[in-house]
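Shown next, in structure tokens, is the structure this report addresses.
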Amino acid sequence: MAGGSSIDVLGQFELHPVLGGLGEALRFSQSPLYMILAACLVLAFLYFGMRPAAVVPGRFQAAAEVCYEFIHSMAVDTIGPEGTAFFPFIFTLFFFILAGNYIGLLPFSFTFTSHIAVTLGLAVMVFLLTVIVSLKVQGFRFFAHFMPAGASMFLAPLLIPIEILSFLSRPVSLSIRLFANMVAGHVMFDIFASFVIMLAGFGVVGDVFAIGPIAINMALVALELLVGVLQAYVFAILTCIYLREAVAH
Amino acid sequence: MGVMMKIVRAGLLATVSGVSLLVMAAPGAYAAGMPQLDFHNPLVTGQVIWGAVIFLGFYLVLSQVMLPRVGRVLEDRSKRISGDLDVARSAKQDADKAVAELQQARKDAMAEAQANLQKTLDAEQQAADQKLAEINARLSAEIADAEKRIAAEKAQAFGTLKEIAADTTQALVSRLTGVAPDAQLVAQKVDGAIAHQNI
């Protein structure tokens, strides 16, 4: 992470091909590897959690069921009765992001949600899904949403571009929110962690003072645990809200 | 606690000053730019394709296998709970019905017992009344008999008294006059006197 006397806070975001030439040819870096790891962890959690399939669940099974019911109620409460159709998608989205955020908190690991390419890809996927669902459910009435009902006709030249712009900026804000949060958190980790190493060069006084950045990093881990679940939740709930607008008649 | 706070505060101060020092000391750190924005790097754009493939696979496994499995368990549980509740409810209904039946039976038995008791009491009362009436009838018959006998005795006594009176009168008259009176006449006179006295 920290190299020598200078801080290389962005080095942690660099991509390296996995398996040498093969990874390079397939454009397979550690980022997809961690995506696979995240997906496998979530699937293993559900598989081993639900293996007893007991009527009275144990702790592990109860945890898996809580995850299911949390997302299910979020999807159905926000989207409405049509939410059950989108529930697997919301579940996938939430746990893909959550697992990515949390795996990234482990030392020496990689956070794929800290790459704008990944978050923008997810956001564009959500955006396209909402547009397709809107067109399928509402047809051409979908375009009427760009003119707020009851507004004066004189304001139309102003309102319609604003509405279109705000609609198109959804994937941008969705992706940058997650990306920026993850990058900021990991840059902070890196800064304070390298600071410990730099202080160590100042002898005994530096060793004593190094407790400060360590304590801050410990607090940051707690904060990042919150941010990780919060950002996954925000991404999922915004997707639900966009889908509710899409399925509304 | 206070010592800890002091250490943290000192650490924060040192950190802030250190960070500013470092930023000044290493201007080259940010010069390379963010690796995330290096879109010429095929690995960066490759993430999108791989991400799409992995996300799709993740979605398919979740939506086709894992989530239905969890949903089934939850559904089974809610079905079983509602089934158990139904069984409990019907059992309670049966119990309520049995209790009601029991109470009805008790009430019926009580009513029957009351009726039997009343019947027996009535029968006893009737029998007693009948016996009393019989006794009264016998007693009144005996009283009437006795009165008849008394009257007969009385009449007989009066008859005898008439003879005695006639004899006495005859004896008195013969003693006083020395002449024996006619017995027929004496009897006639005694009868007249008796009728006169209205005995």
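Throughout, read-outs are computed from the coordinates displayed, never taken from laboratory work. Remember, it's a predicted structure, so these values are computed and weren't measured experimentally. Using ideal geometry, Cβ is built from the backbone for each residue, glycine included, and neighbour counts are taken over all protein chains shown.
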In chain A, taking the dipole from +1 charges on Lys and Arg beta carbons and -1 charges on Asp and Glu beta carbons about the Cα centre, the listed residue (A:Leu26, A:Asn181, A:Val204) farthest towards the positive end is A:Leu26
Contour minus Cα-Cα span, B:Ala152 to B:Ala171, at 0.36 nm per residue, comes to 4.0 nm
Between the residues B:Ile135, B:Ser63, B:Gly83, the Cα farthest towards the positive end of the dipole of segment B:41-151, that dipole coming from +1 and -1 charges on the beta-carbon of Lys, Arg, Asp and Glu, is from B:Ser63
In degrees, nearest 10, the alpha-carbon axis of helix A:83-103 is tilted away from the dominant principal axis of the alpha carbons of chain A by 20
Segment A:161-221: spread of alpha-carbon positions along the three principal axes, whole Å, largest first, is 62, 18, 13
Across A:Ala156, A:Ala193, A:Ala180, the residue with the highest GNM fluctuation in chain A (Cα network, 10 Å cutoff) is A:Ala156
The number of Lys pairs in segment B:41-151 whose alpha carbons lie under 20 Å apart, excluding pairs fewer than 8 residues apart on one chain, is 4
Of A:Phe110, A:Phe94, A:Phe70, the most mobile residue in a GNM of chain A (C-alpha springs, cutoff 10 Å) is A:Phe70
Dividing the helical contributions, -39500 (n - 2.57) per DSSP H run of n ≥ 4, by the residues of chain A yields a 222 nm value, nearest 500 deg cm²/dmol, of -25500 deg cm²/dmol
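For segment A:155-249, which chymotrypsin sites (Phe, Trp or Tyr not before Pro) pass both filters: DSSP loop (anything but H, G, I, E, B) and at most 15 other C-beta atoms within 10 Å?
When the chymotrypsin sites (Phe, Trp or Tyr not before Pro) of segment A:155-249 are filtered for loop state and at most 15 Cβ neighbours within 10 Å, A:Phe202 remain.
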So the angle from the long Cα axis of helix A:211-247 to the longest Cα principal axis of chain A, reported in degrees to the nearest 10, equals 10
Filtered hits (lysines, Cα-Cα < 19 Å from B:Lys189, offset >= 8 within chain) -> B:Lys162
Nearest-0.05 FRET efficiency for B:Ser63 and B:Ala105 at R0 = 45 Å, using Cβ-Cβ distance, is 0.15
When all Cα-Cα pair distances of chain A are considered, the percent exceeding 30 Å is 43
Across A:His72, A:His16, A:His115, the residue with the highest GNM fluctuation in chain A (Cα network, 10 Å cutoff) is A:His16
In units of 2.2 N^0.38 Å, the Cα radius of gyration of the protein assembly as shown is 2.64
Helix A:59-79 sits off the longest principal axis of the Cα atoms of chain A, rounded to the nearest 10 on a 0 to 90 degree scale, by 40
Long-range amide H partners of A:Ser29, meaning residues 5 or more apart or on another chain whose placed amide H is closer than 5 Å, are A:Val18
When the charge dipole of the protein assembly as shown is computed with +1 at the Cβ of Lys and Arg and -1 at the Cβ of Asp and Glu, the Cα pointing farthest to the positive end, of A:Val126, A:Thr84, A:Leu226, is that of A:Val126
Toy charge model, Lys and Arg Cβ at +1, Asp and Glu Cβ at -1: segment B:70-199 dipole around Cα centroid in debye, rounded to 20, equals 440
Given unit charges at Cβ for Lys, Arg (+) and Asp, Glu (-), the dipole magnitude of the protein assembly as shown about its Cα centre in debye, nearest 20, is 880
Karplus ³J(HN,Hα) for segment B:68-75 (6.51 cos²θ - 1.76 cosθ + 1.60, θ = phi - 60°; Hz, whole; x = Gly/Pro) runs x, 5, 4, x, 4, 4, 5, 5
